[in-house]
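Asks: This is the structure I have questions about; it appears just below.
Since every read-out is calculated from the coordinates, none of them should be taken as a lab result. Just so you know, these numbers come straight off a predicted model, no measurement behind them. Cβ placement follows ideal geometry from the backbone for every residue including glycine, while neighbour counts extend to all protein chains displayed.
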Amino acid sequence: MTNTIITGGRVRTLDPSAPEAEAEALVLSGGRVLATGDRDAMVRAAGPDARHVDAEGGVIMPGLIDTHPHVMHFGMLAGGLVDLTDALDHADIVARVRAKAATTPAGEWIMCTPVGEPHYFIRRSERDLAERRLPDRWTLDSATDAHPVLIQAWAPRIPNVVAFNTAGLRAVGLTDFIPDRVSDVEIDKNEAGELTGILRGPVTNYYTYDPFWGQILTKLPKLDMGNAVAGTTAELARYTAQGVTAVYEGHAMEPEHIGVYRHLHATGALPLRVLATLDVESAIFYPFDPLSHDEFTARLERFAGEVADDGDDMLRLDGLTISPGGPCFSGHFATYEPYQDPFGRPTRGNRFVSLEKEETFVRFCAANGVRANVCVGSQREHDDFLDIAERVVREHDFRDRRWILQHAITITPRQARRYADLGFRVTTSAGFAWGKGAMYGERMGTHVWRDLEPLRRLLDTGLDLAGGSDWGPKNPWEQIELAQTHRFAGSGHRNDGPDQKLSRIEALQMWTTGAAKVLDWSGIGSLTPGNHADLVIVDRDPVTCSEDDLPGTRVLRTLVGGRTVHDTGDLPTVGDEPASRGA
């Protein structure tokens, strides 16, 4: 077995016992960390035949752990689509659609991504095209009139906008005789009363339950599994290029999603570690028809038989998820006081899963020793769930069952203490405040900000805390910065009060040791002897660089189990096993 020694840079082990300690060199052996320390000692430990990597002044640190990535979902949604995220103008869009049409059989749909930065589309959207708007149907017809075309809108932002060409309008049954508005969908027409192909409102591809738009969604092409695999593979490459070496897919995972991961693992195409759960009843995609209680119970029992952790180092299935709440963007955030829905109407939101089902879920997991992942975000949702959990804990003590609270978008001091008393752990996204803070202030009132993403409060209450990217920003280094600054995108406001702001080390721990602890996943999160050799070499020191510089961190190489899964080609490798070249 050939050892590998990495020198020429600063080693940040993030050892929980000394999180700010550093070393001069690192030795890997058999896919694990053998030792860290001063250079001379590590040269001796590596042996004369060791493979040598020169970090050339870079920083070596543990790979990042994203505990709310939606790699699978976002990869599947984008697979096979015309990528317009960085389109410059209508001519650019037409050229890209025309190129796709040249390789697509006539009559088949050509589906496009939205324009701009997924998924909030705040820093860049269709408004940043040269024309400041999406192209109308006649412009899209110049790309192809032989294929239906749709430029999509992705959740969570509502209201949103989509664009069809003429064939696309015809394929979903829209003609000039339709009213200018149906349900909450605005249907754009020119002065002659002709459809322009532009629709606005709740026109996202998920987290929308508008009955009119829902009927249109049912007429769009179904997911192609070939494209799903290709899209997920591309998304996985983007994650390893950002330095992510493990993910937790704990939300909205269905058996078919697990099937894609299993396929990738079986074919040797899984470049990072995956821990996943199954969602007992997911309400994200239209149409959502709630299960009966008997159906819910049967699905709960069936899924529980599929999620026993078999100890696989790369793909684990452990735990069940319940997702009672929905996002505020679409007006489904359950609250005590009314707030404005996307169209200015008062609402108190709603729940996707009944309280009866919540109690059935809690009792089942507690009685059967199943790890539970609970996705709730609003204060009313927390109170409902906590009342049930505290009632059940009197019968089944699940303090050591590794239960996870996912989201925790708004949470009061008392609710945080109640979760801590129950032994919960927490995964959340600093990006929730970044992408939705201004919207919460507008629709619910700025008073909500004091309880919005209170990371400091959660840690001080004794809750273990992990970070995830969810809807964005999809740059994990920016998420680490946001855990300190709590800045809102597009508004200039910072929600960096005493209950929110973390130190740099604490923010990094949310993506390394803290994440490993929340997931109860030994062997990852730090570069301590015996752990998996999951590491990154980056171009700056994430512990000491400025907040402004942190989001620009460049990952030069990513290793998982000692195997290179991403390499920019900037670092030399000396030895008999050259590093692979990645994305």
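Asks: Any idea what Rg and Dmax come out to for the range 258-313 if you just take the C-alpha atoms, in Å?
Replies: When restricted to the Cα atoms of the range 258-313, Rg and Dmax are 14.3, 40 Å.
Asks: Counting only the backbone N, which residues of the range 73-100 are under 14 Å from the spot 7 Å out from the Cα of residue 314 toward its beta-carbon?
Replies: none
Asks: Now a separate question. Working only with C-alpha atoms, what are the Rg and Dmax values of the range 399-551, expressed in angstrom?
Replies: 15.5, 50
Asks: Using the Cα atoms of the chain, I'd like the radius of gyration and the largest Cα-Cα distance, Dmax, both in angstrom.
Replies: Spelled out, the Cα radius of gyration and Dmax of the chain are 24.4, 82 Å.
Asks: Right, here's the next one. Restricting to DSSP H runs of at least four residues, report the calculated mean residue ellipticity at 222 nm for the chain, -39500 (n - 2.57) per run over all residues, nearest 500 deg cm²/dmol.
Replies: -8500 deg cm²/dmol
Asks: So for each of 65-75, 298-308 I average, over its residues, the number of other beta carbons within 10 Å; can you give me the resulting order with the highest mean first?
Replies: Result, highest mean Cβ count within 10 Å first: 65-75, 298-308.
Asks: For the range 81-217, what is the percent of antiparallel DSSP beta bridges, rounded to the nearest 5?
Replies: DSSP beta bridges in the range 81-217 are roughly 75 percent antiparallel.
Asks: Counting other beta carbons within 10 Å of each residue's own, what order do 108, 117 fall into, fewest first?
Replies: Lowest count first: 108, 117.
Asks: To continue, here is another question. With r defined as the distance between the Cβ atoms of residue 108 and residue 368 and R0 fixed at 51 Å, what FRET efficiency is calculated, to the nearest 0.05?
Replies: Computed FRET efficiency for residue 108 and residue 368: 0.65.
Asks: What is the calculated FRET efficiency for residue 21 to residue 354, with r their C-beta to C-beta distance and R₀ = 35 Å, to the nearest 0.05?
Replies: About 0.10, to the nearest 0.05.
Asks: May I pose another question? Could I have the simple spin-label model distance between residue 98 and residue 546, label points 7 Å from Cα toward Cβ, reported in nm to one decimal?
Replies: Modelled inter-label distance: 4.5 nm.
Asks: With +1 on each Lys and Arg Cβ and -1 on each Asp and Glu Cβ, and nothing else charged, work out how big the dipole of the range 225-519 is about its Cα centre, in Debye to the nearest 20.
Replies: Dipole about the Cα centre, nearest 20: 860 debye.
Asks: Provide the FRET efficiency to the nearest 0.05 for the residue 302-residue 123 pair, computing r from the beta carbons and using R0 = 60 Å.
Replies: 0.90
Asks: Oh, and also: Based on other C-beta atoms within 10 Å, arrange 354, 323 from fewest to most.
Replies: Least crowded to most crowded, the residues run 354, 323.
Asks: Let me ask something else about it. Run the quick spin-label model on residue 263 and residue 180: label points 7 Å from Cα toward the beta carbon, then report their separation in nm to one decimal.
Replies: With each label point 7 Å from Cα toward Cβ, the separation is 4.6 nm.
Asks: With a ≥ b ≥ c taken as the square roots of the eigenvalues of the C-alpha gyration tensor of the range 225-519, please select rounded if a/c is under 1.5 and otherwise prolate if a/b is larger than b/c or oblate if it is not?
Replies: Taking the square roots of the gyration eigenvalues as a ≥ b ≥ c, the range 225-519 is rounded.
Asks: Name the shape class, rounded, prolate or oblate, that the alpha-carbon gyration tensor gives for the range 364-464, where a ≥ b ≥ c are the square roots of its eigenvalues, rounded holds for a/c under 1.5, and otherwise prolate holds if a/b is larger than b/c and oblate otherwise.
Replies: prolate
Asks: Just add up the charged neighbours of residue 138: K/R +1, D/E -1, any other residue whose Cβ is under 15 Å from the Cβ of residue 138.
Replies: Local charge sum for residue 138: -3.
Asks: Separate question: Of 500, 166, 193, which is farthest towards the positive pole of the chain's charge dipole, taken about the Cα centre with +1 and -1 on the beta-carbons of Lys, Arg and Asp, Glu respectively?
Replies: 500
Asks: Share of antiparallel DSSP beta bridges in the range 225-519, in percent to the nearest 5?
Replies: Counting DSSP beta bridges with both partners in the range 225-519, the antiparallel share is about 15 percent.
Asks: Something else: If I take the Cα coordinates of the range 259-388 and project them onto the principal axes, what are the three extents in Å, biggest first?
Replies: For the range 259-388, the Cα spread along each principal axis is 51, 33, 24 Å.
Asks: What shape does the range 81-217 take by its C-alpha gyration tensor, where a ≥ b ≥ c are the square roots of the eigenvalues and a/c under 1.5 counts as rounded, a/b above b/c as prolate, and the rest as oblate?
Replies: Rounded.
Asks: Tell me the net charge near residue 285. Cut-off is 13 Å between Cβ atoms, residue 285 excluded, with +1 for each Lys or Arg and -1 for each Asp or Glu.
Replies: In short, -4.
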